[in-house]
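Below: one structure, written as structure tokens.
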């Protein structure tokens, strides 16, 4: 484990262990330039994430969250990459999870979907197959107000995120998305970002000194969401 991680551990902090995912355009590029299909790419990236977590001395059972930045229902190549990645990690000594969207996307005709719902439905449907998919842990981002309440250190409970079985909820992002955060806009700074002095309502000069750093805020069920201590 690196020095900074050991220092955080010594202070009683937990971990959210994230691995970079691939944008849809990157998946296509790898296939076009290197003849590497989405599933093979997902497996390759998962092996690299496992090796990295091992080098950092995270213990068996640590959840590695795949960073899935693009929201809505996954396209076929995205799903192939995503599920290959999570299955590869799940077959190792680590557990698989994903940072992904809990924000509803309108698909037309009154149908909405979130990335988290899409993945949950795929995993549930696979249980009837000979080789069902492994369950994963969910770290969802959903900053719309409601269910979120903006730039505050007093968030709603994780169960209010709108995604069942969520373990971590990112409820505020910097800068805020104007279309979804009008109801909580006053909790953010005038420039649309979330700063510590806004989040706790404290104008302490020491905290003001940190206002060059804007925050994304998350709440978790436990203090060590990746169980990486």
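Tabulated results
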read-out	value
Tally of residues being out of contact with any helix residue (DSSP H, G or I) (no Cβ under 9 Å at 6 or more places or on another chain), surrounded by 19 or more Cβ atoms within 10 Å (Cβ to Cβ) and at pLDDT below 95 across region 130-161	1
Residues within region 188-222 that are modelled with pLDDT of 90 or more and within 17 Å of residue 141 (Cβ to Cβ), tallied	10
Elements of type strands (runs of 3 or more DSSP E) contained in region 1-114, each with 3 or more residues being crowded, with 18+ Cβ neighbours inside 10 Å	63-67, 95-101
Where residue 86 falls short, out of the listed (1) touching a residue at least 40 places away in the same chain (Cβ under 8 Å); (2) farther than 12 Å from residue 49 by Cβ; (3) out of contact with any helix residue (DSSP H, G or I) (no Cβ under 6 Å at 6 or more places or on another chain)	(2)
Condition met for residue 123 (under 20 Å from the mean Cα position of the chain (by Cα) and free of Cβ contacts under 8 Å to residues at least 24 places away in the same chain)	yes
Pairs with Cβ under 9 Å, 6+ apart, first in region 165-182 and touching a residue at least 40 places away in the same chain (Cβ under 8 Å) and at positive phi, second assigned to a loop (DSSP other than H, G, I, E, B) and surrounded by 13 or more Cβ atoms within 10 Å (Cβ to Cβ)	165/135
Of the criteria (1) touching a residue at least 60 places away in the same chain (Cβ under 8 Å); (2) over 26 Å from residue 161 (Cβ atoms); (3) touching a strand residue (DSSP E or B) at 6+ places or on another chain (Cβ under 9 Å), which one residue 59 fails	(3)
Pair list, Cβ < 9 Å and 6+ apart or interchain, from region 212-225 residues that are loosely packed, with under 12 Cβ neighbours inside 10 Å to residues that are at pLDDT 90 or above	222/167
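Results for (1) within 16 Å of residue 98 (Cα to Cα); (2) touching a helix residue (DSSP H, G or I) at 6+ places or on another chain (Cβ under 6 Å), shown as yes or no for each residue.
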{"site": "25", "(1), (2)": "no, no"}
{"site": "28", "(1), (2)": "no, no"}
{"site": "31", "(1), (2)": "no, no"}
{"site": "38", "(1), (2)": "no, yes"}
{"site": "42", "(1), (2)": "yes, yes"}
{"site": "47", "(1), (2)": "yes, no"}
{"site": "53", "(1), (2)": "yes, no"}
{"site": "61", "(1), (2)": "yes, no"}
{"site": "68", "(1), (2)": "yes, no"}
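Table: residues versus (1) in contact (Cβ under 8 Å) with a residue 12 or more places away in the chain; (2) over 20 Å from the mean Cα position of the chain (by Cα).
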{"position": "19", "(1), (2)": "yes, no"}
{"position": "22", "(1), (2)": "yes, no"}
{"position": "25", "(1), (2)": "no, no"}
{"position": "28", "(1), (2)": "yes, yes"}
{"position": "35", "(1), (2)": "no, yes"}
{"position": "38", "(1), (2)": "yes, yes"}
{"position": "46", "(1), (2)": "yes, no"}
{"position": "52", "(1), (2)": "yes, no"}
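The values are calculated or read from the model by the stated rules, or taken from the named source; none is laboratory data. Remember, it's a predicted structure, so these values are computed and weren't measured experimentally. Note that each Cβ is placed from the backbone with ideal geometry, even for glycine, and that neighbours are counted across all protein chains shown.
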